[in-house]
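Single-structure report; data block below.
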Amino acid sequence: MDALDSLRFIFSHPLNRGRPVSTAARILGWQLRSRLTPVVPVDFANGARLLVSRRMYGATGNVYCGLHEFEEMSFLLHFLRPGDVFADVGANVGTYSMLAASVGAQAVAFEPGERFADLKRNVGHNGYPVDCREAAVGDRNGSIGFTVGLDATNHVVEDDKAGATVPLVRLDDAVEHATLIKVDTEGFEAAVVAGGRRVFAQASAAILELDAATDAEPMRTLAAMGYRPISYDPFTRQVRPFHKAGNNSILVRVDPADRLRRAPPYLLRGRAI
């Protein structure tokens, strides 16, 4: 996104819509605080605090909007229960894992890149028992090339563009089971699904960076397991026909309606949602 697109996104975000003054104040406040302090603690959902710096371009969306990926993050907060297992593949600084931990779920976070230290610092600051693993996830065990310096868009590469070599694991070998799986691996999603067929086949839902129009292989694999894409309205708790709302797609293998409806609200910026 360029600056103008970013501003449009921020002001039209569901948690900012109709609040131009407070939204502008939040933008200006962040710009000032982040220049004065290298790492800024920012209030997050359910009393968590997210440690953010200017170099974290992905995480700053949560500073401006509360929940950057509102539909997907709200689905997680309403879907997970204490004791559920959440697998976070491509955790970055740990925003999804912290949300899962805030509702009592057990989170396993995989992050192979330079953001692993930020992931550990975020979960440690909040005292969450997140199982942080410094590894990429794919269709085999071993090692693989990985970019550096691209923040939330660091990704697996298998050529001379790799800036680092990182461990690579199969999801089926790394976790016993998961209730909800999130995959955001910048184009490596098909390999993640291929190496996690057993775990995906037992899970109830997934949040993936997939486009039904272009990611045909993993979509076919997941459809054969019973997954279907949905959209979710966090304010009404209604499951709706699928539309591409943001960067990720929500897929479910079981009917989530009752679980979503019965979920306790999460707390964010003084609001119960």
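The values are calculated or read from the model by the stated rules, or taken from the named source; none is laboratory data. Note that this is a predicted model, so its numbers are computed, not measured. Cβ sites come from the backbone with ideal geometry, for glycine too, and all protein chains shown count toward neighbours. Accessible surface areas use protein heavy atoms only, side chains included; no ligands, DNA or RNA. Shrake-Rupley method; radii C 1.70, N 1.55, O 1.52, S 1.80 Å.
Okay, residues lined up against (1) in contact with a helix residue (DSSP H, G or I) (Cβ under 6 Å, 6 or more places away or on another chain); (2) modelled with pLDDT under 95:
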| site | (1), (2) |
| --- | --- |
| Ser102 | yes, no |
| Gln106 | no, no |
| Phe110 | no, no |
| Leu119 | no, no |
| Val123 | no, no |
| Arg133 | no, no |
| Ser143 | no, yes |
| Leu150 | no, yes |
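What about Asn46, is it within 15 Å of Arg269 (Cα to Cα), in contact (Cβ under 8 Å) with a residue 12 or more places away in the chain and either crowded, with 23+ Cβ neighbours inside 10 Å or in contact with a Phe, Trp or Tyr (Cβ under 8 Å, 6 or more places away or on another chain) (or both)? Taking the combined requirement at face value, the residue satisfies it. The residues in segment 68-90 that are assigned to a loop (DSSP other than H, G, I, E, B) and either farther than 12 Å from Ile181 by Cβ or aromatic (Phe, Trp, Tyr) (or both) can be counted, and the count is 5. It is to be established whether one or more residues within segment 188-201 are open to solvent by 70 Å² or more (accessible area, probe 1.4 Å), of a type outside the set (Ser, Thr, Tyr) and in contact with an Asp or Glu (Cβ under 6 Å, 6 or more places away or on another chain). Checking segment 188-201: at least one residue is open to solvent by 70 Å² or more (accessible area, probe 1.4 Å), of a type outside the set (Ser, Thr, Tyr) and in contact with an Asp or Glu (Cβ under 6 Å, 6 or more places away or on another chain).
Just one of the listed residues (Arg26, Arg19, Arg8, Arg33) is open to solvent by 40 Å² or more (accessible area, probe 1.4 Å), in contact with a helix residue (DSSP H, G or I) (Cβ under 7 Å, 6 or more places away or on another chain) and either modelled with pLDDT of 95 or more or of a type outside the set (Val, Ile, Thr) (or both), namely Arg26. Just to be sure, is Asp184 open to solvent by 10 Å² or more (accessible area, probe 1.4 Å) and over 27 Å from Ser143 (Cα atoms)? When the stated conditions are applied, Asp184 does not pass them.
Filtered by the rule that a residue be over 19 Å from His125 (Cβ atoms) and assigned to a loop (DSSP other than H, G, I, E, B), segment 47-67 gives a lone residue, Tyr57.
Here's the yes/no breakdown for (1) farther than 22 Å from Val63 by Cβ; (2) in contact (Cβ under 8 Å) with a residue 24 or more places away in the chain; (3) exposed (fewer than 12 other Cβ atoms within 10 Å of the Cβ):
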position	(1), (2), (3)
Leu222	yes, yes, no
Ser231	yes, yes, no
Pro234	no, yes, no
Gln238	yes, no, no
Phe242	yes, yes, no
Leu251	yes, yes, no
Arg259	yes, yes, no
Arg262	yes, no, yes
Leu268	no, yes, no
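Quick check, is Phe75 out of contact with any Phe, Trp or Tyr (no Cβ under 6 Å at 6 or more places or on another chain), in contact (Cβ under 8 Å) with a residue 60 or more places away in the chain and surrounded by 24 or more Cβ atoms within 10 Å (Cβ to Cβ)? Against the criterion (out of contact with any Phe, Trp or Tyr (no Cβ under 6 Å at 6 or more places or on another chain), in contact (Cβ under 8 Å) with a residue 60 or more places away in the chain and surrounded by 24 or more Cβ atoms within 10 Å (Cβ to Cβ)), Phe75 does not qualify. For segment 134-145, the set of residues classified as surrounded by fewer than 20 Cβ atoms within 10 Å (Cβ to Cβ) and within 21 Å of the chain's Cα centre (by Cα) consists of Glu134, Ala135, Asp139, listed by residue number. Restricting attention to segment 5-42, the residues that are assigned to a loop (DSSP other than H, G, I, E, B), under 25 Å from the mean Cα position of the chain (by Cα) and closer than 25 Å to Pro234 by Cβ add up to 5. If the condition is being touching an Asp or Glu at 6+ places or on another chain (Cβ under 8 Å) and either modelled with pLDDT under 95 or open to solvent by less than 40 Å² (accessible area, probe 1.4 Å) (or both), then segment 165-180 contributes Val166, Pro167, Thr179, Leu180. If only residues of segment 108-126 that are in contact with a Cys (Cβ under 9 Å, 6 or more places away or on another chain), without any contact (Cβ under 8 Å) to a residue 40 or more places away in the chain and hydrophobic (A, V, I, L, M, F, W, C) are counted, the one that is farthest from His155 (Cα to Cα) is Val123.
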